[in-house]
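Visitor: Handing you a structure now.
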Amino acid sequence: MRLIAEIVKKYYLYDFNESHMEENHSTAGAPQSHFNESLCANCQVNVYEPGYTINLCSDCRKSLIKYPIPKWIKFFALGILAVMVISLVRTQQYISAAVHLGKAENAIDQKHFVTAQRELSLVLNKFPKDFNANAYMMVASAYNFDFEAYQIAFDKVADIKTEDQTLLSTVNAASEYIAQSFPKDTLMYKRIVAVAKDKEKLLALVDSTDEIVLKTHIANFLFETKDYDRVDGIVNKVLAVNPNFYQALSLKTAVKRNTAKYDEALALCDRLLAFNAEDIYVLSQKARIELKRKHDREAAVFASKALTLDPENDSAIEATAMVDYFAGRKKESLASLAKIKAHETHSGDSTISKRLSPIILGSEIYR
């Protein structure tokens, strides 16, 4: 703004001298041959008034103060002010985005993928096409099995090449991790779903496919029949092919829980948490395991951690409902069940409410 003031000041002096030159000459009586520094810088007639930056007499100073500011100077000043405001806002946005991106990168390094995804969402809300933010979003959402967020981020960077080999390697590993959830033989998958409630037909299909994801689907449906030995046998065959196959390890934790092998179940959960330290499903599973063996205090810790990560996650709500139920807080547990059912009206999957309802309504003995 000091620059604007200097422009205005120079404009006043120049314009005033130009427009009043003839008046000054007539007042002085004859052209002056030199500039007298002891007189007013404008009229060169009166003695200047001391105490100001520019040496003007009181009459000239009053005249200049009343002199109207040209519109172009007003517009120029407003233009500069607007540019300054816009620059300040944009700079603030860039700084904020950089901070959140840095937090996301640190979270990914620590395998805190829920935190990473939350931070990346804040960046992408402001800069939806940012390459690094979308690449890291692919990583975080892959380990959270958030298929929708992964696909959105993938679509934005699929045609962009990068020379950052470290980032590329991280994205590829995450993509392989999430890809394990999808069967290649979709026809076989449909056949399995079609006989999901027929135990004998499911068992007949086990050797009809080599895809470990399809074998795991069969084992998952068999789990509902409570034939835990058969389920464990199928899962072990899957893990012989891929020891880190998420769905198989996850199913095996449930088998160990229901066969009272609690320490083994918790150890399997820890293996899964090595991939994603903020895996809400696994933390909820640990709560259910601890409840099963009547370690209610430990269960409450895991349920609370899961719910803190995402208060809207149905697995976390389920674990919390069970903790409340066994603590005698039936009203709270029923409220959690109602919340899960409300979510399921949108998702169309009622798996969680169907297994939770008999427990907190008292028709099934959990422990």
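Visitor: Taking the Cα centre as origin and putting +1 on Lys and Arg beta-carbons and -1 on Asp and Glu beta-carbons, what dipole magnitude results for region 53-193, to the nearest 20 debye?
Guide: Using only the charged Cβ atoms, the result is roughly 980 debye.
Visitor: Might you tell me the accessible area per residue for the chain, computed with a 1.4 Å probe and given in Å²? Walk me through the numbers on the way to the answer.
Guide: Working: 21410 Å² over 367 residues.
About 58 Å² of surface per residue is accessible.
Visitor: The chain: longest stretch without exposed chymotrypsin sites (Phe, Trp or Tyr not before Pro) (DSSP loop, at most 10 other Cβ within 10 Å), sites themselves excluded?
Guide: On the way: sites that count: 35, 52.
With a cap of 10 other Cβ atoms within 10 Å, the longest stretch comes to 53-367.
Visitor: Tell me, what ³J(HN,Hα) does each residue in region 108-117 have, in order and in whole Hz, if you take phi through Karplus 6.51 cos²θ - 1.76 cosθ + 1.60 with θ = phi - 60° and put x for Gly and Pro?
Guide: Once rounded to whole Hz, the list reads 5, 4, 8, 6, 9, 7, 5, 4, 4, 5.
Visitor: Over the chain, what is the relative contact order in percent, taking alpha-carbon pairs closer than 8 angstrom and at least six residues apart?
Guide: Values: 381 pairs, mean separation 28.4, N = 367.
Once divided by the residue count of the chain, the mean separation gives 8 percent.
Visitor: Right, next: Per residue of region 296-312, in order, report the coupling 6.51 cos²θ - 1.76 cosθ + 1.60 (Karplus, θ = phi - 60°) as ³J(HN,Hα) in whole Hz, putting x for Gly and Pro.
Guide: So the J values, rounded to whole Hz, are 5, 5, 5, 4, 4, 5, 5, 5, 5, 5, 5, 5, 5, 5, 7, x, 9.
Visitor: Using only the Cα atoms of region 227-367, build the gyration tensor, take square roots of its eigenvalues as a ≥ b ≥ c, and label the shape rounded, prolate or oblate: rounded if a/c is under 1.5, else prolate if a/b is larger than b/c, else oblate. List each step's numbers first, then the result.
Guide: On the way: a/c = 1.59, a/b = 1.53, b/c = 1.04.
Judged from the Cα gyration tensor, region 227-367 comes out prolate (a/c at least 1.5, a/b above b/c).
Visitor: Another one. Which whole-Hz couplings ³J(HN,Hα) result when phi for each residue of region 334-343 is put into the Karplus expression 6.51 cos²θ - 1.76 cosθ + 1.60, θ = phi - 60°, listed in order with x for Gly and Pro?
Guide: 5, 5, 5, 4, 4, 5, 4, 4, 5, 5
Visitor: Between residue 49 and residue 228, 0.36 nm times their residue separation minus their Cα-Cα distance comes to what? Walk me through the intermediate numbers first.
Guide: Numbers: separation 179, 0.36 × 179 = 64.44 nm, distance 10.26 nm.
Value of the extension gain: 54.2 nm.
Visitor: Which of the three applies to region 145-293, rounded, prolate or oblate, going by the alpha-carbon gyration tensor with a ≥ b ≥ c and a/c under 1.5 meaning rounded?
Guide: On the way: a/c = 2.36, a/b = 1.36, b/c = 1.74.
Taking the square roots of the gyration eigenvalues as a ≥ b ≥ c, region 145-293 is oblate.
Visitor: I'd like to know which of 317, 52, 115 lies farthest towards the positive end of the charge dipole of the chain, counting +1 on Cβ of Lys and Arg and -1 on Cβ of Asp and Glu.
Guide: So the residue furthest toward the plus end is 317.
Visitor: While we're on this one: Looking at the square roots a ≥ b ≥ c of the eigenvalues of the Cα gyration tensor of region 198-245, which shape do they give, rounded for a/c under 1.5, prolate if a/b is larger than b/c, or oblate?
Guide: Oblate is the answer for region 198-245, as a/c is 1.5 or above yet b/c matches or exceeds a/b.
Visitor: Going down the list 292/339; 252/354; 199/261; 103/126; 286/331; 226/305, which pairs span over 27 Å between their C-alpha atoms?
Guide: Beyond 27 Å: 226/305.
Visitor: Only Lys, Arg, Asp and Glu count, each charged at its Cβ (+1, +1, -1, -1), so figure out the dipole size of region 138-256 about its Cα centre, rounded to 20 debye.
Guide: 460 debye
Visitor: Any idea which of 204, 248, 128 is furthest toward the positive side of the dipole for the chain, if Lys and Arg beta-carbons carry +1 and Asp and Glu beta-carbons -1?
Guide: 204
Visitor: With charges set only on the Cβ (+1 for Lys and Arg, -1 for Asp and Glu), what does the dipole of the chain come to about its Cα centre, in debye to the nearest 20?
Guide: Here the chain has a charge dipole of around 1220 debye.
Visitor: Roughly speaking, to the nearest percent, how much of the chain's 1.4 Å accessible area is carbon and sulfur?
Guide: Values: 12050 of 21410 Å².
Carbon with sulfur: 56 percent of the solvent-accessible area.
The values are calculated or read from the model by the stated rules, or taken from the named source; none is laboratory data. Nothing here was measured: the structure is a model prediction, and the numbers come from that model. A quick note on method: Cβ atoms are made from the backbone with ideal geometry, for glycine too, and the neighbour counts reach across all protein chains shown. Only protein heavy atoms, including side chains, enter the accessible area calculation; ligands, DNA and RNA are left aside. Shrake-Rupley method; radii C 1.70, N 1.55, O 1.52, S 1.80 Å.
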